[in-house]
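Everything below concerns the one structure shown next.
Values quoted throughout were computed directly from the atomic coordinates according to the rules given, and no laboratory measurement underlies them. Predicted model only: the values in this text are computed from it and were never measured. Neighbour counts run over all protein chains shown; Cβ positions are idealised from the backbone, glycine included.
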Amino acid sequence: MADPNQIRITRPDDWHLHLRDGAALAAVLPHTARQFGRAIVMPNLKPPVRTVAEAADYRARILAVLPAGLGFEPLMTLYLTDNTPVTEIAKAIDSSFVKAVKLFPAGATTNSDAGVTAIEKTYAVLAEMEKLGLPLLVHGEETDPAIDIFDREAAFIERTLAPLLRRFPGLKVVMEHITTTDAADFVRSAGPQLAATVTAHHLLLNRNALFNGGLRPYHYCLPVLKDERHRQAVVAAATSGSPKFFLGTDSAPHPKSAKEAASAAGGCYTAFAALELYAQVFEQAGALDKLEAFASFNGADFYGLPRNTGQITLKKEAWTIPTSLPYLNSDPLIPLFAGETICWKMT
Ligand code: NCD
Ligand code: ZN
């Protein structure tokens, strides 16, 4: 009989990850590479990764600091701008390591000022992506300051995403880090060309966590946490067994000094214990049997990539997340749930 205190699943992948660059990259990469076979690496560096040539350089910098023996494969993305040349799309396909293009609406999140100012400006590039089968990853929030921040995902679906899918019905699109009932319903009812990633923090926390006993910058990420009704809808979607939802941590490291600031940076650092946090959610939902498809199958299938072959083991074992991790010189990284005890551990 299977041991209820242990699960073995196919090695998972992280379909949405921020690795940064330089010393920060070297500090965080081992955490992800220990757990995941591959990750979709976000291009929002300063300056952003806009071309296949820049993605090749960034990929080489990642591989240069990858600890030996971890067998991790970075999957690269291009940062879509108003001026992305159409010719980059065929180059991306030929590269075999650029797997998607990321749309950050200008000003929506960290390092997005080079983002798209009007979606119409990218139509020729999107048409080429539709034709050649390169997925578009969207940060799905409207940036109109008149829209309440908690309503920006729903507004993006109505104003931008739904019209976009009608205009490019064959374009593969991933709605990244979904946070609302609206997004879960929209993705579920759309065709197979639309899928979504789900973070651990949006599954575990609702917006009360932002104000729990004081203002909590380590719970601040974009899209911002939503209310409990939305959290439950996102949990239901992720644990439903639908192939349209898959693991994407959006693990986004910022140094302590940038988080504990008057204008705190958005981003939760979850890579240190990502899989364990997801296991906790799936267990609470009575859906541990659905974890493997969510973490290890659905994303690869959507991207048209082979599933990983190795396996990893999670044990039911209490352990405490460190209060701090080394990051930049004398500016540490505080992981989400620092100092708190969690109940699953990857062995
Ligand atoms: C991300 C980051 O810090 O790069 N921040 C975040 O709050 N998620 C950017 C992003 O994915 O929106
Ligand atoms: Zn992100």
Quick note on Ser251, Ser324, ordering by fewest other C-beta atoms within 10 Å, gives Ser324, Ser251
Expressed in angstrom and rounded, the centroid-to-centroid distance over alpha carbons for region 38-75 and region 310-347 is 23
The ratio Rg/Rh over the Cα atoms of region 305-347, Rh being the Kirkwood inverse mean 1/r radius, stands at 1.16
If each part is reduced to its alpha-carbon centroid, region 85-119 and region 124-177 end up apart, in Å, by 12
Here FRET efficiency (C-beta to C-beta, Asp301 to Leu63, R₀ 35 Å, nearest 0.05) is 0.85
Comparing Leu132, Leu19, Leu336 in a Gaussian network model of the chain (Cα, 10 Å), the one with the largest mean-square fluctuation is Leu132
The farthest towards the positive end of the charge dipole of region 11-311, of the residues Trp15, Ala146, Val174, given +1 on Cβ of Lys and Arg and -1 on Cβ of Asp and Glu, is Trp15
Counting Lys and Arg as +1 and Asp and Glu as -1 over every other residue whose Cβ sits under 9 Å from the Cβ of Glu176, the net charge comes to 0
Ala106 and Ile147 label points (each 7 Å along its Cα→Cβ direction) are spaced in nm at 1.7
Taking only Cα atoms of region 214-289, the Rg to Rh ratio with Kirkwood Rh works out at 1.02
Here FRET efficiency (C-beta to C-beta, Asp289 to Thr309, R₀ 30 Å, nearest 0.05) is 0.90
Quick shape summary for region 1-107, equivalent ellipsoid via Cα gyration tensor, semi-axes whole Å in descending order, reads 29, 16, 13
As straight-line cross-link partners of Lys99, the qualifying lysines (C-alpha separation under 17 Å, not fewer than 8 residues apart within one chain) are Lys91, Lys131, Lys172
In nanometres, the difference between 0.36 nm per residue of separation and the alpha-carbon distance of Asn329 and Asp21 is 109.4 nm
Ranked output for segments 57-69, 272-284 by mean other Cβ atoms within 10 Å, highest leading, reads 272-284, 57-69
FRET efficiency (Ala2, Asn208; Cβ distance; R0 30 Å; to 0.05) is 0.25
Against the 2.2 N^0.38 Å rule of thumb, the C-alpha Rg of region 11-311 sits at a ratio of 0.92
Restricted to the chain, the DSSP antiparallel beta bridge percent, nearest 5, is 35
Computed on Cα atoms only, the convex hull of region 49-90 has an orientation-averaged projected area in nm² of 3.2
Counting Lys and Arg as +1 and Asp and Glu as -1 over every other residue whose Cβ sits under 12 Å from the Cβ of Ala318, the net charge comes to 0
